[in-house]
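Trainee: Handing you a structure now.
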Amino acid sequence: QVQLVESGGGLVQAGGSLRLSCAASGRTFSRFAWFRQAPGKEREFVARISWNLGITTYAEFVKGRFTISRDNAKNTVYLQMNSLKPEDTANYYCAVSLGAGNYEYWGQGTQVTVSS
């Protein structure tokens, strides 16, 4: 059974930092990704990393501010978020893919709130 457990969300002032974690178990995965969804908005892609090679991809709106990384030994992916803005406020979800297609498994989400 695949399990994704997210942690690290919270309330932070604009300009601050948070680090999200996503611990995975149950399978070997090809890619991890972070998505987010703000109230009244569609879910959007934030960043992804390939498990074997560590190749990363970012949405334009987080480039230079967010960093995705992985700890293979802990089967955990991190999202370091710096220079946070109020518009980064959202529920952040991690997702994993077994191959190169859709993300088959999703975490429960962790709330990030950035105050101005």
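Trainee: Looking at N102, N52, which one is open to solvent by 60 Å² or more (accessible area, probe 1.4 Å) and closer than 16 Å to V2 by Cα? Steps first, answer last, please.
Mentor: Details: N52 fails: closer than 16 Å to V2 by Cα.
Answer to the check: N102.
Trainee: Something else now. Quick one: would you say F61 is among the aromatic types (F, W, Y), open to solvent by less than 20 Å² (accessible area, probe 1.4 Å) and over 16 Å from Q111 (Cβ atoms)?
Mentor: In short, no.
Trainee: Across segment 3-28, which residue is farthest from T110 (Cα to Cα) among those that are more than 15 Å from the chain's Cα centre (by Cα) and open to solvent by less than 30 Å² (accessible area, probe 1.4 Å)?
Mentor: Out of the qualifying residues, it is G16.
Trainee: What are the residues in segment 77-116 that are of a type in the set (V, I, T) and out of contact with any helix residue (DSSP H, G or I) (no Cβ under 7 Å at 6 or more places or on another chain), if any?
Mentor: Applying the first criterion (of a type in the set (V, I, T)) to segment 77-116 yields 77, 89, 96, 110, 112-114.
Once the filter is applied, which keeps residues that are of a type in the set (V, I, T) and out of contact with any helix residue (DSSP H, G or I) (no Cβ under 7 Å at 6 or more places or on another chain), segment 77-116 yields V77, T89, V96, T110, T113.
Trainee: Further question: When the residues of segment 64-90 are filtered to those that are more than 20 Å from R27 (Cα to Cα) and among the charged types (D, E, K, R), which remaining residue is least open to solvent (accessible area, probe 1.4 Å)?
Mentor: Going through the qualifying residues, I end up with D88.
Trainee: V112 passes all but one of (1) in contact (Cβ under 8 Å) with a residue 60 or more places away in the chain; (2) open to solvent by 50 Å² or more (accessible area, probe 1.4 Å); which number fails?
Mentor: (2)
Trainee: Right, another one. Working carefully through the options K85, K74, find the one that is under 22 Å from V114 (Cβ atoms) and over 15 Å from the mean Cα position of the chain (by Cα). Give the steps one after another, and end with the answer.
Mentor: Working: K74 fails: under 22 Å from V114 (Cβ atoms).
Result of the check over K85, K74: K85.
Trainee: Another question, if that's okay. Could you say whether any residue in segment 38-49 is of a type in the set (D, E), in contact (Cβ under 8 Å) with a residue 12 or more places away in the chain and either open to solvent by 80 Å² or more (accessible area, probe 1.4 Å) or closer than 19 Å to G107 by Cβ (or both)? It would help to see each step written out before you state the result.
Mentor: The initial filter retains those residues of segment 38-49 that are of a type in the set (D, E), namely 42, 44.
Now restrict to residues that are in contact (Cβ under 8 Å) with a residue 12 or more places away in the chain: 44.
Still in the list and also either open to solvent by 80 Å² or more (accessible area, probe 1.4 Å) or closer than 19 Å to G107 by Cβ (or both): 44.
Yes, the conditions are met somewhere in segment 38-49.
The values are calculated or read from the model by the stated rules, or taken from the named source; none is laboratory data. Keep in mind that what you see is a predicted model, and the values were worked out from it rather than measured. Reconstructed Cβ throughout: ideal geometry from the backbone, glycine too, with neighbour counts over all protein chains shown. For the accessible areas, the whole protein counts, side chains as well, though only heavy atoms, and no ligand, DNA or RNA atoms are used. Shrake-Rupley method; radii C 1.70, N 1.55, O 1.52, S 1.80 Å.
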